[in-house]
Amino acid sequence: MIGMKPEDRNDRTGRLAFSLAGHDKGKVYIIVGEENGRYLLSDGRYKPLSAPKKKKAKHFQIGPETDLTELFGNGETVRDEDIRRTIKKASFIQED
C-alpha cells in the first residue's frame, strides 16, 4: 500500500465512495484512508494510491464494503489494479 500508514486506516477503508459534489460528481472511488479530517479516495487510474484524492465526507456518499475492506484491515498490499477491478466488479463502469 503506497503511502498508507496504519494510523491513516479506519473502519471505512476499502468501502465504495460516490462523489456528490465537485468536478468529479458521479464518479466512484474506494476509500483508502483518512488524513486531517479528509478522506483519501482512489479510483486506481486517475487518482492512484500514490496520489489519492482528498475529499470531505459531506461531498461523497459512503457505499457498501468491498472485497478490499478486509485486505486494508489486515494491512495487506493493495494495488491500483485491485481498485480498478473492484470498482468494475461492483458494476460501476466509469467513463473516461
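A few points about this structure:
- Hey, LEU68 at pLDDT 95 or above and crowded, with 21+ Cβ neighbours inside 10 Å or not: no
- Failed item, numbered, when LEU40 is tested on (1) out of contact with any Gly (no Cβ under 6 Å at 6 or more places or on another chain); (2) part of a strand (DSSP E or B): (1)
- Residues of segment 1-21 that turn out to be out of contact with any Leu (no Cβ under 6 Å at 6 or more places or on another chain), of a type outside the set (Val, Ile, Thr) and modelled with pLDDT of 90 or more, as a count: 6
- Subset of segment 13-33 [farther than 17 Å from GLU76 by Cβ, assigned to a loop (DSSP other than H, G, I, E, B) and in contact (Cβ under 8 Å) with a residue 12 or more places away in the chain]: LEU20, ALA21, GLY22, ASP24, LYS27
- Only residues that are assigned to a loop (DSSP other than H, G, I, E, B), touching a residue at least 12 places away in the same chain (Cβ under 8 Å) and either at positive phi or touching a strand residue (DSSP E or B) at 6+ places or on another chain (Cβ under 7 Å) (or both) were counted in segment 43-95, giving 14.
- Residue satisfying all of: in segment 29-39; modelled with pLDDT of 95 or more and touching a helix residue (DSSP H, G or I) at 6+ places or on another chain (Cβ under 7 Å); farthest from THR69 (Cα to Cα) among these: TYR39
- LYS54 meets each of the listed conditions (1) at pLDDT 95 or above; (2) surrounded by 22 or more Cβ atoms within 10 Å (Cβ to Cβ) apart from (2).
The values are calculated or read from the model by the stated rules, or taken from the named source; none is laboratory data. What you see is a predicted model; the values in this text were computed from it and never measured. When we count neighbours, we look across all protein chains shown, and the Cβ atoms used for this are built from the backbone with ideal geometry, even at glycine.
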